1. Between a residue in segment B:54-67 that is more than 7 Å from chain A (Cβ to nearest Cβ) and on the phi < 0 side of the Ramachandran plot and any residue that is of a type in the set (S, T, N, Q) and surrounded by fewer than 20 Cβ atoms within 10 Å (Cβ to Cβ), which pairs come within a Cβ distance under 8 Å, given they are 6 or more apart or on different chains?
2. Which condition number in (1) more than 12 Å from the chain's Cα centre (by Cα); (2) modelled with pLDDT of 90 or more is the one that A:GLY129 fails?
3. Within segment B:1-29, work out how many residues are in contact (Cβ under 8 Å) with a residue 12 or more places away in the chain and within 19 Å of the chain's Cα centre (by Cα).
4. Given the conditions (1) farther than 26 Å from B:ALA215 by Cα; (2) within 17 Å of the chain's Cα centre (by Cα); (3) among the aliphatic types (A, V, I, L, M); (4) at the interface with another protein chain (Cβ under 9 Å from one of its Cβ atoms), which single one is not true for A:ALA91?
5. Just to be sure before I move on: is A:ALA153 in a helix (DSSP H, G or I) and crowded, with 20+ Cβ neighbours inside 10 Å in the structure I sent?
6. Can you name the condition, by its number, that A:ALA106 falls short on among (1) surrounded by fewer than 21 Cβ atoms within 10 Å (Cβ to Cβ); (2) at pLDDT below 85?
7. For segment A:241-266, how many residues meet the condition of being in a helix (DSSP H, G or I) and touching a Lys or Arg at 6+ places or on another chain (Cβ under 9 Å)?
8. Restricting to segment A:205-240, give me the number of residues that are more than 8 Å from chain B (Cβ to nearest Cβ), at pLDDT 80 or above and either assigned to a helix (DSSP H, G or I) or within 18 Å of B:ALA65 (Cβ to Cβ) (or both).
Amino acid sequence: MTQHEVGPFAELLWRFGIVGLIGLGVWLVLRCGRVMLGNAAFAAIAAASTAALIARGTPAAVAILAGIVAAAVCGAIFGFAAARTGAAAFAIASLSLWAIELSVRAPTGDALHSFGSPAVVVAAAIAAGIGAWFYARSGSGRAAAAVGQDERAAQGVGIDPIRERLIAVTLGALLAGVAGSLSALYPGFDITAYRLHGDIAGLAAVVFGGVGSAFGPLLGAVLVAIAAVAPLTKEHAAAVNAVALLAATIVLPGGVLSIFWRAARR
Amino acid sequence: MAAAAAVSWFLARDQPIWVAAVGGIAAGAIAGLIADRIVLWPARLRSGGPLGAARPSIAGLAALAAFGVLAPEPERPTHVLSAGIIRIASFGASKLTLEGTIVSILAIVAVVLIVRSTRYGLGLRALGSNTPAARAAGVGVEPMNIRTALLASACGALAAIALFSAPDYFAGRSTPFDLPLAGLAAVALGGLASIPGAIIGGFVIAIAQVFAPTADAGDAVAAALLLLAIAVVPRGILPATRLREADRA
């Protein structure tokens, strides 16, 4: 995504929305005790589908919906294949999604951008955050968290870990699909931006914001978006994300949100 | 990338190719060790918390991404690398490519011997099977990690040098990202705990990449095989004998 066709504030909102949605998808899977290293591939699938359909004259709403469904279906297929694997094998399997990021192509043009609005993306991200917060408190959300904390104990109380992981991966892909479909309408849309850097941005949002709450990825997405609109080249912005992710992984395991919680408890 | 940069540096200073190769392997091994100490070791130390055991994977991916973005791609001195074409029937290959292939085969044999026949290999396998038990039996975990980082990085450096000498391999590729993907696909396909399996997996991936019409298609095939292997044969084509015996028990 280039930084030249929208103002910095609109750019910030676009980035926040897209990264927040991808990050929420990663967060849902992480709650089940698995690391999704290729969630941006589902966003790339949705973006490519939406862009191709709009370029062929399909109404924008239908194209967006089709993109989201395509991403969710691909997520379900991936989940079906990978949900029964262990933590290391799941992470390795999710890397196979990079091939999609590396090979997917999408048309660009003014026809796409006339539908785009940063307000819609931000609203979608906040709605997804609230939805994820409610999901985390639902029966299925609690079951997923139980699987993430102790799979054997969860099985002992009748929870099916494979089912919970499949649901989490599909929901994560669906959220990434929303991000991807809406990003196809972004004025600086460039599908190659998803090549690994989309995954790093999503992971950075989760780890930097905090894994403990659904609002952690959204907080992290704000920080990632600020880094993205800073006067840096595309490569340097990606490197800042990667280094921030590395630093947060090692020194800030609970994310920025955990600092607020600790301060509030005192 | 460090190995390729070192090879390029040595060749640009008119050093013999074997000096460049040894220097490249040493540079790659040292770079791997530094990455292990700076990135993976701190992440392993803090393996609790909300990120749990996923922390080293995430840290490793972040380091790979940062390195992939920031590290400049080294220049290939093609006049040195493609010198001395050897022709067998209608096939032609550079002398260096053939030498690289022979050295790679010897390196595979050496790794197999190290892992199977030395005390280090025994400790490594014990650590992989059951870390707390290996630690209780006196296996030093961190010295083992250091030696493994050196050995694995040296293998990676050798692979990078072999690829560096292959004509047109780097054209159209995101090298820092698709090489690890191909390596993981080979291991997952062949067997996560089997050296012969990993070698067979490597051949399958190599054949898929060589016969694919484009670099992207080859990488897509490698990724598809990785996903298929994990879904259908989670322990690979050749699971380790001991794992099979444990399954029967």
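1. Every condition considered, the pairs that remain are B:PRO56/B:SER47.
2. Answer for A:GLY129: the failing condition is (1).
3. The number of residues fulfilling the criteria is 15.
4. It is condition (1) that A:ALA91 fails.
5. no
6. (1)
7. Of the residues in that region, 3 qualify.
8. Number satisfying all stated conditions: 17.
The values are calculated or read from the model by the stated rules, or taken from the named source; none is laboratory data. For clarity, every value in this text was computed on a predicted model and none was experimentally measured. Note that each Cβ is placed from the backbone with ideal geometry, even for glycine, and that neighbours are counted across all protein chains shown.
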